[in-house]
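One structure is given here, and the rest of the page talks about it.
The values are calculated or read from the model by the stated rules, or taken from the named source; none is laboratory data. It should be emphasised that the depicted structure is a prediction, and the values quoted were computed from it without experimental measurement. Cβ: placed from backbone, ideal geometry, glycine included. Neighbour counts: every protein chain shown. Protein only, heavy atoms only, side chains kept; ligands, DNA and RNA dropped before computing areas. Shrake-Rupley method; radii C 1.70, N 1.55, O 1.52, S 1.80 Å.
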Amino acid sequence: MNGWSRGVAPAAVTSDAERRRARLLAAAVAVTGALLIATEQILTLIWTAASYPGPVEYVAPDGTLTVVSSLDDNFHYQARHVSGLSEYLSQPGLLGGATLVPALLAVTVLVFAVQALRIGTVARERRLAAFSLAGATRRQLRRLAAREGTRAAVRGALLAGPAYLVLWLLLGVLAPDGWKLLPPLDWTAAVTWVLVVPLLGLLGGLVSARTARTAEVSPLGITRRAPRALTWRTVAVPVVSLTVCLAFLVYAFRTYAQQWVILLGIVAAVVFCLSLGPLAVVGLGRLAVRSDRLETALAGRRLLADPRPSGRVAGVLFAVGLTLGFEAYLAVGVLREPGYTADDLAFYLGGVAIVGVAAVLSALVACLSMVVAASEQVLEGRRGVAVLVSLAASPGFALSVVRRQLRIVAVPLALTGAVIGLVALGLGDPVSTLAGLPALLVVYLLGRGGAALAARAVAPVVRECSGPENLRAA
């Protein structure tokens, strides 16, 4: 009777890839946890805004009297003049939109965490295959993978509290009065941290168990499981989420919608963007394989071989383009308005700038996700890369295929999102839409530049896999 039959899992085998995967996963979880705490702190302001009594009289140190006669005005005065919060947090009507910035960043970093779980896939498959040969069942292998993911996720979640403190010091303490983007610390931040640790630990274990691809040992060697095909859910989720999003938006425009209605509509839009990615990658891959250029056709084949990792990044980039296109439309509309004062311009353009910075940060994280996904795909197919080079192709040609693959994912999706954000959402003002067309060039350069940076980061992996020793790789 071996240890597996008694339910005792062997000790995890450490390697450079495993340690790198654990560090990246812990870092991504720590950032995600800090952003979730920030989201909770802003949501707490929404509940606090409805709890202030009114009317209230405030006497300033210079003796001036301020009378606040409504709940919203009372909260605005407290947050603006007492806490020094930015106008985006001190106005109750803007708190819902302010909550979305850290929440959307958290979603982007979570996508990167899922990609980080793919690091060391080949070595992990070999290890799981060895355990399977020793008598481990598929359920036990998944339990081992879940234990490894949970350990790294809990370690990162424990760092979420210190990470939020750093974020709070930068945005809630060192920022000047009137521009503080995080509220003062209270006890709910500690409670959220305590809840985030088991939540993210459980999520890390579940995702790690689900993404662990167990290889099978046959007399002819190791046989890897083929990538999962797209199912009917892949089509149903974007259709349902888009329908829900449009319904909420139509309701919001026709009536004075409450904040939770708008928030649910935007959450549905985020789900639509992320779920649209794999379908879009499959469509782009099928178009690419029909190309007369060999590089483009090979890149399309690589996308069709495993569309899910690239699809996650494509969904994030689509959301980034959608955000930047809509913000460009808003910025042009503000600049064309003749009655705005300097304070009005600072308020509106400041909000556009904050959202734009968040979108660019999301694009950078998506670029890192592309690097991880492309590197792991090259390592998994190292034998194919070596065969291609042995048939008189250069390592530079193999790298150009990877570069074309990354460009196919990044540029079309980001541009499509920007066009929708600029044109479809700005149909009521065609002049502002035309004036915002230069934003499409910015989005194109972001997508092209991100793909180029990702390809440069993957280049050492491609050169390593081009050697003749990889011809015997399993």
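With every protein chain in place, what's the accessible area of Ile119 (1.4 Å probe, Å², nearest 10)?
Spelled out: Ile119, probe radius 1.4 Å, area about 10 Å².
How charged is the neighbourhood of Val385? Take every other residue with its Cβ under 11 Å from the Cβ of Val385, and add Lys/Arg as +1 and Asp/Glu as -1. Walk me through the numbers before you get to the answer.
Numbers: positive: Arg302, Arg382, Arg383, Arg463; negative: Glu380, Glu464.
Computed value for this residue: +2.
Just to verify a number: FRET efficiency for Glu469 and Trp47, C-beta to C-beta distance, R0 = 51 Å, to 0.05? Working shown, then result.
Values: r = 61 Å, r/R0 = 1.20.
Efficiency for this residue pair is about 0.25.
Under a plain spin-label model, where a point goes 7 Å from the Cα along Cα-to-Cβ, how far apart in nm are Trp179 and Val166?
Result: 2.2 nm between the two label points.
What number comes out for the charge environment of Val194, summing +1 per Lys or Arg and -1 per Asp or Glu over other residues with Cβ under 15 Å away?
Spelling it out: positives minus negatives among the neighbours equals -2.
Extension gain Arg147-Ala305, at 0.36 nm per residue separation less the Cα-Cα distance, in nm?
The span from Arg147 to Ala305 would gain 54.0 nm if fully extended.
Under a 1.4 angstrom probe, counting protein chains only, how are Glu337, Glu469 ranked by accessible area, largest first?
Result, largest first: Glu469, Glu337.
How much solvent-accessible surface does Asp344 expose, in Å² to the nearest 10, with a 1.4 Å probe and all protein chains in place?
Accessible area of Asp344: about 50 Å².
What is the extension gain from Val82 to Arg293, computed as 0.36 nm multiplied by their sequence separation minus the C-alpha to C-alpha distance, in nm to one decimal?
So the extension gain works out to 69.6 nm.
Give me the number: length gained by fully extending Arg456 to Val250, i.e. 0.36 nm times residue separation minus the C-alpha to C-alpha distance, one decimal in nm.
That works out to 69.8 nm of additional length.
Largest first, what is the accessible-area ranking of Leu117, Leu415 with a 1.4 Å probe? Before the final figure, lay out each step's value.
Working: Leu117 5, Leu415 50 Å².
The residues order as Leu415, Leu117, largest area first.
What accessible surface, in Å², does a 1.4 Å probe find on Cys273, ignoring ligands, DNA and RNA and rounding to the nearest 10?
Answer for Cys273: close to 10 Å² accessible.
Treat every Asp and Glu Cβ in the range 269-397 as -1 and every Lys and Arg Cβ as +1, leave all other atoms uncharged, and give the resulting dipole magnitude about the Cα centre to the nearest 20 debye.
Numbers: 10 positive and 9 negative charges, 155 e Å.
Here the range 269-397 has a charge dipole of around 740 debye.
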